[in-house]
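Notes to accompany the following structure.
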Amino acid sequence: MRFKVVLEPSEEGGYTVYVPSLPGCISEGETVEEALRNIREAIELYLEPVEDELIPLLTEAAVVQEIEL
């Protein structure tokens with residue numbers, strides 16, 4: 001499953017990353033690598049309760065990177 005994620009520098013330092021197609025699925029990290037690792041875990045936890053249901057994915061224009069689970 002692929003999700004588009006948006007990675008932004010955080011005002012406090014580090015990075016904030018979120019998944020536009022999964023409202024409320026947000027994470028952060030001190031480095032880009034850590035933020036991406038953390039958002040993978042956040043996506044897995046977000047999807048856990050509905051793992052067998054179909055989730056409609058929205059397309060977003062501000063794509064920074066795609067990650068695969």
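Looking at Gly29, Gly13, can you tell me which residue is more than 16 Å from Glu66 (Cβ to Cβ) and surrounded by 15 or more Cβ atoms within 10 Å (Cβ to Cβ)?
Working: Gly13 fails: surrounded by 15 or more Cβ atoms within 10 Å (Cβ to Cβ).
None of the other options fit; the residue is Gly29.
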Enumeration of residues in the stretch 9-46 that are of a type outside the set (Phe, Trp, Tyr) and touching a residue at least 24 places away in the same chain (Cβ under 8 Å):
Val19, Pro20, Ser21, Leu22, Val32, Ala35, Leu36, Ile39, Arg40, Ile43, Glu44
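Would you pick out the residues in the stretch 14-40 that are of a type outside the set (A, V, I, L, M), outside any strand (DSSP E or B) and either under 9 Å from the mean Cα position of the chain (by Cα) or closer than 14 Å to Lys4 by Cβ (or both)? Don't jump to the end; show me each part of the working.
Within the stretch 14-40, the subset of a type outside the set (A, V, I, L, M) is 14-16, 18, 20-21, 23-25, 27-31, 33-34, 37-38, 40.
Filter again for outside any strand (DSSP E or B), leaving 14, 20-21, 23-25, 30-31, 33-34, 37-38, 40.
Across the stretch 14-40, the qualifying residues are Pro20, Ser21, Pro23, Cys25, Asn38, Arg40.
Every read-out reported here was derived from the displayed coordinates using simple, explicitly stated rules and does not represent laboratory data. The model shown is predicted, which means the values in this text are computed figures rather than measured ones. Glycine gets a Cβ as well: all are built from the backbone with ideal geometry, and neighbour counts include every protein chain shown.
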